[in-house]
Amino acid sequence: MRHGVRRALWPAWVRAAGSGARPPPRGDMAEPGPGPSRAREEEPDPAGKEEAAPAAKKRRLAGGERYVPPPRKLNTGVSFGAEHFAETSYYFEGGLRKVRPYYFDFRTYCKGRWVGRSLLHVFGTEFRAQPLAYYRAAARAGRLRLNEEPVRDLDIVLKNNDFLRNTVHRHEPPVTAQPIRILAEDEEVVVVDKPSSLPVHPCGRFRHNTVIFILGKEHGLRELHTLHRLDRMTSGVLMFAKTAAVSKRIDEQVRQRQLEKEYVCRVVGEFPEHEVVCEEPILVVSYKVGVCRVDPKGKPCQTLFQRLSYNGSSSVVRCLPRTGRTHQIRVHLQFLGHPIVNDPIYNMEAWGPLRGKGGKIGKTDEELLKALVEEHRSKQSLEVLGIGEEDLNSSESKDCGNSGDCTTSAEAEPINGSSCPAEDKKDPERDDVAACPLNSDVTVETLDKDKELSLCGNQDGQRGEKGWEEKDPLCVECRTSRRDPSPKELVMFLHALRYKGADFEYCSSMPEWAMEDWEE
């Protein structure tokens, strides 16, 4: 179930929706992003020591021209502070960690291609997952602001340096309730054993349900620097630096290829006993859904594999990636005909009867993506991919085409919903695909007429431990009922077992599913 937020937690400006009230300014600002292939908006700058948002100064200009404040000087930073952690709280249900929905500001400076276009035109051409009536209703509720002034007219023409803010009611997908285990900690680094299903940092639809936020909120570990990343569904050793100096030193080891990474996985069938080296190039098919495949036009890479055990139906395999491409281990195993047993992408029927073995798919990329989505939709398991039904409702939506993945470069996000931080730390099983969440169409009449906040109780009508909670009148997620994934669906049999550098080595214990006598 999705839950709303208690009325007592609602900002006064939300309770006064429709009255022209505006939300108070937020202290976290994002730097303008390049906006490569679709309009996106950035996560607020997490440094915790930001300058104030640009104030809307009123002054006369020649010919009644609208004044635009100059852009503020941005402070760089990679950490999140107490004000970010206090945005909402967790609760646990059915073996899952859940985040109570919360209000969140997406912000952006005007992109170059928007200059001279009306705000209505930008929404209608670059944010088409929402009907224009939604943005009109959001403007009436005071949730759209231009240079910190409420937007009264969507026909307003945008100018260079215009600063746009959109307040949304944000919902996050659930993750496993399994705790994050601290493997080692000193004055330089923190090393954890990451559970499967947790993104490393805010990305896509995830913010509080991430390793960075959980460590900050529950372990008091803040201002951490990401040294490498693991895919959301991959578990295992994950390192953070406590200072920029340590991060820079280890980054240099990464550039000099002085780091050794060892993974373990369970794959379909009897893997060869001898060492196998796969050097097939890998191409990203979709950043949005998170799909790659072997292709001659892809990036060169190399992975060494060695079988550890075989139980008659599946094999435990040791993996040593020599490069760090997107989903490298998973794609190479699929190409070899031994995909990871429960891989929600690369061991699916959508890849054809051979499931992608030898690169034989028999579909165009578009046909493959459609088949993957339909297969998960039929199983009601889109959430396992980190996307929801609303992410796919707009046929016009495009992938967030950063060169490599959406968690690199400026880590921008759409104005109505995804987020990623900005550090390009290469890792073969990193969380490198940010699904850009979009909201599905809603009944326009409902949005326009629903001025009162309605109660949102449990499905059985009973008052649960969280009590009665309220829906946001403009939030589609509040009106959508979803099946929660089971804890089992949130585990993939790929684990980062060891991470070794010039002067350190950290290991986690072998997962239960990797034991020689394990049976499902």
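The values are calculated or read from the model by the stated rules, or taken from the named source; none is laboratory data. Predicted model only: the values in this text are computed from it and were never measured. All Cβ positions, glycine included, derive from the backbone under ideal geometry; neighbour counts span all protein chains shown. Surface areas here come from the heavy atoms of the whole protein model, side chains and all, with no ligands, DNA or RNA. Shrake-Rupley method; radii C 1.70, N 1.55, O 1.52, S 1.80 Å.
Residue by residue through the range 344-372, note down the ones that are crowded, with 19+ Cβ neighbours inside 10 Å, in contact (Cβ under 8 Å) with a residue 24 or more places away in the chain and not in a loop (DSSP other than H, G, I, E, B).
350, 368, 369, 372
I'd like the full set of residues that are among the aliphatic types (A, V, I, L, M), open to solvent by less than 70 Å² (accessible area, probe 1.4 Å) and not in a strand (DSSP E or B), limited to the range 239-253.
244, 246, 250
Select from the range 248-278 the residues that are without any contact (Cβ under 8 Å) to a residue 40 or more places away in the chain and within 26 Å of the chain's Cα centre (by Cα) and list them in ascending order.
Result: 248, 255.
Being farther than 30 Å from residue 127 by Cβ and touching a strand residue (DSSP E or B) at 6+ places or on another chain (Cβ under 9 Å) narrows it down to one of 223, 187, 218, so name that one.
Within the list 223, 187, 218, the selection yields 218.
Could you say whether any residue in the range 438-456 is at pLDDT 50 or above and part of a loop (DSSP other than H, G, I, E, B)?
No, every residue in the range 438-456 fails to be at pLDDT 50 or above and part of a loop (DSSP other than H, G, I, E, B).
When residues of the range 86-134 are filtered for being assigned to a loop (DSSP other than H, G, I, E, B), of a type in the set (S, T, N, Q) and at pLDDT below 95, how many remain?
Counting residues in the range 86-134 that are assigned to a loop (DSSP other than H, G, I, E, B), of a type in the set (S, T, N, Q) and at pLDDT below 95 gives 1.
A quick yes/no check of all residues on (1) at pLDDT below 95; (2) exposed (fewer than 15 other Cβ atoms within 10 Å of the Cβ); (3) within 26 Å of residue 385 (Cα to Cα):
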| site | (1), (2), (3) |
| --- | --- |
| 255 | yes, yes, no |
| 267 | no, no, yes |
| 270 | no, yes, no |
| 290 | yes, no, yes |
| 303 | no, no, yes |
| 307 | no, no, no |
| 324 | yes, no, yes |
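Considering only the range 150-235, give the strands (runs of 3 or more DSSP E) lying wholly within it that have at least 2 residues that are within 22 Å of residue 500 (Cα to Cα).
181-185, 189-194
Consider residue 138 against the criteria (1) open to solvent by less than 20 Å² (accessible area, probe 1.4 Å); (2) in a helix (DSSP H, G or I); (3) out of contact with any strand residue (DSSP E or B) (no Cβ under 7 Å at 6 or more places or on another chain): it satisfies all of them except one. Which criterion is unmet?
Exception for residue 138: condition (3).
Which of the residues spanning the range 75-85 are among the aromatic types (Phe, Trp, Tyr) and at pLDDT below 90?
Correct list: 80 only.
Can you tell me which residues in the range 348-367 are out of contact with any Lys or Arg (no Cβ under 6 Å at 6 or more places or on another chain), within 19 Å of residue 268 (Cβ to Cβ) and not acidic (Asp, Glu)?
348, 350, 351, 352, 353, 355, 356, 357, 358, 359, 360, 361, listed by residue number.
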